[in-house]
Amino acid sequence: MQAQKSGDYAPDCLDNSALAIAPKGTATLGWSGLIYEDTAMPKSCYGPSMFETLPTCLQGKAPKAAMLELTVRLYASAMCDGSMCIEPSSPFQVTKTFDYPGTTEVQLSAD
């Protein structure tokens, strides 16, 4: 049995929800201000393991001032049952580059 200390983790890494946006509609999404990077866990976090490579985790870090790229995946439809969603169609992506921390609002259009 292994035990792992917990720290900051990506709040959306297992989020399988969908936000419906009506045609010609809009949606407002927030951002915590953190970028999540895959980080190796220190050996001290684990007990004895039969695996050579220790697991990694997503760790939130504040980005340095730079140009950042925001990508949003959009689906034509999704079927949700309250605990998970299935997106039967292929997503299309909308991407925009913005100046961080100078830009406080980013608007994307999926026309």
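The values are calculated or read from the model by the stated rules, or taken from the named source; none is laboratory data. Bear in mind the structure is a predicted one, so any value in this text is a computation, not a measurement. Every residue, glycine as well, gets a Cβ built from its backbone with ideal geometry; the counts of neighbours run over all protein chains shown.
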**OP:** Within the range 87-96, track down each residue that is free of Cβ contacts under 8 Å to residues at least 40 places away in the same chain and surrounded by 13 or more Cβ atoms within 10 Å (Cβ to Cβ).
**Re:** Val94, Lys96
Subject >> Residue tally, condition of a type in the set (S, T, N, Q) and either under 17 Å from Trp31 (Cβ atoms) or in contact with a Gly (Cβ under 9 Å, 6 or more places away or on another chain) (or both), over the range 66-86 >> reply: 1
Original post:
For Ser6, are the conditions met, namely being part of a loop (DSSP other than H, G, I, E, B), touching a Cys at 6+ places or on another chain (Cβ under 9 Å) and either over 28 Å from Ala78 (Cβ atoms) or modelled with pLDDT under 70 (or both)?
Top reply: yes
Original post:
Do we find a residue being part of a strand (DSSP E or B) and within 16 Å of Ala20 (Cβ to Cβ) anywhere in the range 56-70?
Top reply: no
**OP:** Could you list, in sequence order, all residues of the range 48-82 that are out of contact with any Asp or Glu (no Cβ under 7 Å at 6 or more places or on another chain) and in contact (Cβ under 8 Å) with a residue 60 or more places away in the chain?
**Re:** Cys80
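For every residue, the table says whether it meets (1) loosely packed, with under 12 Cβ neighbours inside 10 Å; (2) modelled with pLDDT of 85 or more; (3) closer than 28 Å to Ser90 by Cα; (4) hydrophobic (A, V, I, L, M, F, W, C).
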site	(1), (2), (3), (4)
Asp15	yes, no, yes, no
Lys24	yes, yes, yes, no
Thr39	no, no, no, no
Pro42	yes, no, no, no
Leu54	no, no, no, yes
Gln59	no, no, no, no
Leu68	no, yes, yes, yes
Thr71	yes, yes, yes, no
Ser77	yes, no, yes, no
Original post:
Taking the range 71-108 as the search range and keeping residues that are in a loop (DSSP other than H, G, I, E, B) and among the charged types (D, E, K, R), which one is nearest to Ala18 (Cα to Cα)?
Top reply: Glu87
